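The values are calculated or read from the model by the stated rules, or taken from the named source; none is laboratory data. Since we're looking at a predicted model, the values are computed, not measured. Reconstructed Cβ throughout: ideal geometry from the backbone, glycine too, with neighbour counts over all protein chains shown.
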Amino acid sequence: MKKTIIHFTVSLFVILISSPGLALEATDINQAIRDKGAHWVAGETSALKLSPEEIRRRLMPIEFKKSGPQDKSYRYSAKTYNLPTKFDWRNVNGHNYITGLRDQGNCGSCWAFATTAILESRILITSHTPDTDLDLSEQAMVSCDDENTGCLGGYPYSAMSYLQTAGIPLETDAPYISGTTGTDGVCTTPMQQNTYRVTGFEDVSISVEAIKNAITQYGPLAAGFTVYTDFLYYESGVYSHVSGVVEGGHMVAIVGYDDEEQAWIIKNSWGPDWGEDGYFRIKSGTNECDIENNVYAIHFAVVPGASFVLSPASADFGTLVLPDQASQTLPFTMTNNGSVPLMNIYSMVTHPSYSVLPITISALESAASADIQVTYTARAGKTPDAGELHVVSDGITRTSSLAAQTNTRPDQPTNLWPSDAIAIPLPGKLFASAFVDADGDAHATSQWIIQNDSGGIVYFGFFDAVNKTSFTVPSGTLQANTTYYWQVIYQDDRGVVSSPSDLTAFTAANPMSGSKGDCFIATAAFGSPMAGQVEILRQLRDRYLLTNHPGQKFVAWYYRNGPVAANYIQGNPLAKTVVRVALYPLIGFSFLLISGYLPFVAVGLLLTVFLCLRFRVSAD
């Protein structure tokens, strides 16, 4: 009865209003566009192929674009920060959350199409099911919503209230016929069963920032606006009114915005052949044609029966570094987007490095949410840990993929030489322990650091891929008879660094005149640090003695006592000759060892001894 009274009142109003004023030409409108500096193109559109009566039927009396008889004491106006400059629900990370273009036909049911369009998108968003053409029944609203007047128009607030209290079924349960018949049709039982509903909605403030924030947070928005004659000629661009009279009211869905173009991106309900493939853009920020006056957002959407969503759909814990971070916990949310409570909810993970809490949830009401925590426990190894979180209830399983890996820091290196505050000749060479990494990572680079006695940095090199376990200090870095402290940091091939080695003291000693400052005795005996015999002994030191603890101890003793002996040998020709003769066996052994011939010589010697003994036994 209530809908009949409203129908009668609106019908009288429609009879009294004038027919659409189409006494315009596209050329005249394009000239007006240029004159007013607008940015759109007019043409002979599909809407102009309709008769004035058919155009009138596609619009509503102007009063309907207003909100209706609701309490306006609260409007959504959340403050916004760092919004993207462009956002379009048709392409969010390569996915489309907008359903197909519809055509309302010869019925002023744009209010039903706009609110159904944003409900369809909200379901795709909350259910994480983009790229799906969900098709809900506009006919159910046209035929059953007693607060509105079917083909004669509807208030956005009343339409939203109907979606909250009653909801609408799939298009297949109640196909749209009013576009052909021009009548509301009869409300039937299938139109009121298995319905998709909203849990709540907001009336968005008249503010560009509030509308943009609502779009990004909730999805497409329903909006009413005033249609002028020139809008019927819209082909492309950012529409703004330039000529013509008021033709009526209309409702559409705002699906995005573009700050650079100062435009709202709108989904219309006049089919795909009108405008920009069924869409249009309209100037934003100036309340063009009252487009920002009455805008509505949907809180959350529920689907019929048992259903739930699990978010996020995937989680990457990144790379945990041991021993700094033994574990990491990330939150997941399970939301019941079905119309019935969920019972006996069970959670599990598929990889032993992950754990989940709580494992069970006894019940979850419709539109309610529950928090689930997944923890990844780090372990030594290079293999990424891929798993899944499974949540099961009422025969429904939802899955989120899990990814993580661990990188253990390389072992702290040890300063091998110099150590124990010994004196070393300039320019100086540093030796550290071998690289050890629990994950089996390779030794990529090292960083060498030298400080003075007061803690000031004397040398701080970049990570070096060449000098990994030994480092020759650049000439001029150290001063003679000065105490220094050194340490080294190792880095693996995945970029993780070790703890620095413990600071070790040493003293830079005066180098011998004309020598390289090492192999003192051999240099004094052979007369030059460049002598081949000296170089062989130097390589024996670097390759073999300094790579083990006994050898390091010997070298440290040698550098403490060698300079005194070298001074004596240098001034005594007979001592030089004796030392040379004494050193040649060591030099020969060192040459064979360094060149790799020693094993062959050893085998030859053993073979010779064996043959000599054999022949001696035979002779006896």
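In this structure, is Ser178 over 24 Å from Ser127 (Cα atoms) and at pLDDT 95 or above?
Yes: the conditions hold for Ser178.
Tell me which residues, restricted to the range 233-276, are buried (at least 24 other Cβ atoms within 10 Å of the Cβ) and either outside the structural domain of Gln217 (by TED's automatic domain parsing) or of a type in the set (S, T, N, Q) (or both).
Asn268, Ser269
Hey, any hits in the range 20-41 for a residue that's more than 27 Å from Tyr296 (Cα to Cα), modelled with pLDDT under 60, more than 50 Å from the chain's Cα centre (by Cα) and not aliphatic (A, V, I, L, M)?
Yes, the range 20-41 contains at least one residue that is more than 27 Å from Tyr296 (Cα to Cα), modelled with pLDDT under 60, more than 50 Å from the chain's Cα centre (by Cα) and not aliphatic (A, V, I, L, M).
From the list Ala114, Ala166, Ala78, exactly one residue is at pLDDT 95 or above and surrounded by fewer than 24 Cβ atoms within 10 Å (Cβ to Cβ). Which is it?
One residue alone meets the criteria, Ala166.
Against the conditions (1) in contact with a His (Cβ under 8 Å, 6 or more places away or on another chain); (2) crowded, with 23+ Cβ neighbours inside 10 Å, where does Tyr228 fall short? Just the number, please.
Failed condition: (2).
Only one of these is at negative phi, surrounded by 21 or more Cβ atoms within 10 Å (Cβ to Cβ), in a strand (DSSP E or B) and at pLDDT 95 or above: Val374, Val392. Name it.
Val374
Go through the range 119-137 and give me each residue that's closer than 12 Å to Tyr196 by Cβ, touching a helix residue (DSSP H, G or I) at 6+ places or on another chain (Cβ under 9 Å) and touching a residue at least 40 places away in the same chain (Cβ under 8 Å).
Leu119, Arg122, Leu136, Ser137
Taking the condition of being touching a strand residue (DSSP E or B) at 6+ places or on another chain (Cβ under 7 Å) and exposed (fewer than 15 other Cβ atoms within 10 Å of the Cβ), how many residues in the range 277-315 meet it?
Going through the range 277-315 one residue at a time, the tally reaches 4.
Any idea how many residues of the range 173-202 are within 44 Å of the chain's Cα centre (by Cα), surrounded by 19 or more Cβ atoms within 10 Å (Cβ to Cβ) and among the hydroxyl-bearing types (Ser, Thr, Tyr)?
Number of matching residues: 3.
Within the range 189-196, can one find any residue that is outside any strand (DSSP E or B) and in contact with a strand residue (DSSP E or B) (Cβ under 6 Å, 6 or more places away or on another chain)?
Taking every residue of the range 189-196 in turn, at least one turns out to be outside any strand (DSSP E or B) and in contact with a strand residue (DSSP E or B) (Cβ under 6 Å, 6 or more places away or on another chain).
Can you tell me which residue is farthest from the chain's Cα centre (by Cα) among those in the range 430-448 that are surrounded by fewer than 18 Cβ atoms within 10 Å (Cβ to Cβ) and more than 30 Å from Phe317 (Cβ to Cβ)?
The selected residue is Ser433.
Hey, can you tell me all the residues within the range 125-142 that are surrounded by fewer than 24 Cβ atoms within 10 Å (Cβ to Cβ) and in a helix (DSSP H, G or I)?
Correct list: Ile125, Thr126.
Answer yes or no: is there a residue in the range 286-296 that is under 30 Å from Met191 (Cα atoms) and hydrophobic (A, V, I, L, M, F, W, C).
Scanning the range 286-296 turns up at least one residue that is under 30 Å from Met191 (Cα atoms) and hydrophobic (A, V, I, L, M, F, W, C).
Quick one: Ile359 ticks every box in (1) outside the structural domain of Ser137 (by TED's automatic domain parsing); (2) of a type outside the set (Lys, Arg); (3) in contact (Cβ under 8 Å) with a residue 24 or more places away in the chain bar one, so which box is it?
The failed condition is (3).
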